[in-house]
Amino acid sequence: MVALTVFLLVLEGWTRHTAYRSLMAQNSIAVENVAQAAEEHAEGAMTTVSWLIDGIVERVETDGTDGTERRRLQDYLRTRLGKKNSALQGLFVHDAQGALLVSTDARPATGVTSIDRAYFTYHRMHADREVHIGPPIVSRVTGEWIITLSRRWNDRNGNFAGIVLATIPIRYFERYYDRFSVGKHGGMLLALADGTAVAGRRLRKVVTGSSMAATPVFEFMRRNGPRGTAMLMTHVDRAERLMSYRRVEDYPLVVVAALAKEEILADWWMVTRQEVAAIVVMLGTLYAMGGWLLSHIRHKQRLGHQLLLAQADLQAKNATLARLARTDALTGLHNRRHFDERLAAETARAAREGRCVSLVMIDVDFFKRYNDAYGHAAGDDCLRKVAAALRTAVHRPADMAVRFGGEEFAILLPGTGRDGALQVAEAARAAVAALFMPHQGNSARIVTISAGVASVSPASVDEARALIEAADGALYRAKEAGRNRVAVGTDA
């Protein structure tokens, strides 16, 4: 279920991401096409008007503006104005003092001068003969926003004689931009290269004549060149838009087309929500069925786990019982039963492998007197201490110290000859004597042990009983010799 969930989520994420990239690529192409159309429109308008201004300048400089030539020039300007919806609003010729000489207006305003206009000052201060595009201004004749194209004309001596001016209404560009379907929150913009807004459609708060130099699109343009497309945050409403800009070739103009990201992704989001809802319903159904099945599986697992716990507890208890069956409860040494099993096994192994087996039989000297003098509780404590001392004499894992019965102990030494067994027995005797437990009934005045050592050769291992009897006989001789000593018996 988890793997299926992860697979479906990864598949859905990859599918929607692919659809997102494809959608953004398609809209990038679309917005670039809109920007290119707006660029070609602005360039065409500026080129046409520039050619017209160049022709008027040449005519004015050649024929002059006096008398009949002025009337002929005015008729020429009116014929060039074109049809009603053309780019031109008006054509004007001003003299060196800014006074209006000729215009296309049928009722020219009296006293109209351009001496205070920025474009007039520019041409008076600059000797170049190029067409100058000025910032948008409000016409003194019509009262509407216009953009101006102007060029200087000179007298026969090459001195400044005035300007030829052409005006394009801002609504000319706005009407053209209205033809494009850029969405409710998309828009188009025409601006000067310095960021001054000229015309904008469907972009709220874009004011003609205001500066947009600090907006993200113009900052992006300064970093990335005259053309580009990017998803940018617009300054008007702080919304993300896919924006494509173009710097108009040969003219200080920039066109921008923008599509709102929320509108681009509206259908994408709708499909995504529908697909995610379908996946959630499907997974919910599967998880409900899987949960029902899993609850039954877990119930069986709990029963199986409880059974395993019960088996483990039984095994632990059996192991404890087995350990108790092999261990003497008082001393913690192995008991007589385990000793008999090990002795039979080791003598049989010695026969197979050709090794020796040795046995040390040990008895606490005068233990009955100890019990009579100090009590049975002290006697038990004495046996525990003796057992602990015997453990110190047994070093190999195969060697085994056992409580044989009562105050008797034994040490089984597989693979050990008589000399090695004698060393172990002497070490055990010395370890018990080193305890210095008081024993007034013993001539040594402390608790001591006597030990008998016997070894069995590989040729005579028909039974383990012979080894016990030999070691026990050696123990008897150690007692007869005065106790607190080790005696070595004959080989079994």
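The values are calculated or read from the model by the stated rules, or taken from the named source; none is laboratory data. Everything numeric here is computed off the predicted structure, so don't read it as measured data. Positions of Cβ are backbone-derived with ideal geometry, glycine not excepted, and every protein chain shown enters the neighbour counts.
Looking at Gly143, is it outside the structural domain of Phe220 (by TED's automatic domain parsing), modelled with pLDDT under 90 and farther than 20 Å from Ala38 by Cβ? In short, yes. Flag: Ser211 matches the condition of being touching a strand residue (DSSP E or B) at 6+ places or on another chain (Cβ under 8 Å) and of a type in the set (Gly, Ala, Ser). Looking only at residues in segment 365-379 that are surrounded by fewer than 21 Cβ atoms within 10 Å (Cβ to Cβ) and of a type in the set (D, E, K, R), the one that is farthest from Ala471 (Cα to Cα) is Asp372. Checking Leu390 against (1) closer than 20 Å to Ala478 by Cα; (2) surrounded by fewer than 21 Cβ atoms within 10 Å (Cβ to Cβ): exactly one of these is not met. Which one? Going through the list (1) closer than 20 Å to Ala478 by Cα; (2) surrounded by fewer than 21 Cβ atoms within 10 Å (Cβ to Cβ), Leu390 breaks only (2). For segment 393-411, the tally of residues that are farther than 17 Å from Ala350 by Cα and crowded, with 18+ Cβ neighbours inside 10 Å stands at 9.
If you check Glu463, Glu480 for being surrounded by fewer than 19 Cβ atoms within 10 Å (Cβ to Cβ) and either at pLDDT 90 or above or basic (Lys, Arg) (or both), only one passes: Glu480. If you check Arg124, Arg129 for being among the basic types (Lys, Arg) and surrounded by fewer than 15 Cβ atoms within 10 Å (Cβ to Cβ), only one passes: Arg129.
In segment 309-364, of all residues being within 24 Å of Gly379 (Cβ to Cβ) and small (Gly, Ala, Ser), the one that is surrounded by the most Cβ atoms within 10 Å (Cβ to Cβ) corresponds to Gly332.
The strands (runs of 3 or more DSSP E) found wholly in segment 160-256 and carrying at least 2 residues that are touching a residue at least 40 places away in the same chain (Cβ under 8 Å) and in the same structural domain as Ile29 (by TED's automatic domain parsing) occupy 160-169.
For segment 222-264, a residue qualifies if it is among the aromatic types (Phe, Trp, Tyr) and buried (at least 24 other Cβ atoms within 10 Å of the Cβ), and exactly one does: Tyr245. If we keep just the residues of segment 23-42 that are buried (at least 21 other Cβ atoms within 10 Å of the Cβ) and over 30 Å from Val271 (Cβ atoms), which is farthest from the chain's Cα centre (by Cα)? Top of the filtered list is Ala42. Can you confirm whether segment 427-436 contains a residue that is in the same structural domain as Asn371 (by TED's automatic domain parsing), over 24 Å from Arg326 (Cβ atoms) and in contact with a helix residue (DSSP H, G or I) (Cβ under 7 Å, 6 or more places away or on another chain)? Yes, because at least one residue in segment 427-436 is in the same structural domain as Asn371 (by TED's automatic domain parsing), over 24 Å from Arg326 (Cβ atoms) and in contact with a helix residue (DSSP H, G or I) (Cβ under 7 Å, 6 or more places away or on another chain). I'd like to know if segment 412-434 contains one or more residues that are modelled with pLDDT under 90, surrounded by fewer than 17 Cβ atoms within 10 Å (Cβ to Cβ), not in a helix (DSSP H, G or I) and not aromatic (Phe, Trp, Tyr). The answer is yes; a qualifying residue exists. Pairs linking a residue in segment 43-72 that is at pLDDT 90 or above and surrounded by 14 or more Cβ atoms within 10 Å (Cβ to Cβ) to a residue that is assigned to a helix (DSSP H, G or I) and charged (D, E, K, R), with Cβ atoms under 7 Å and 6 or more positions apart or on different chains, are Leu52/Arg80.
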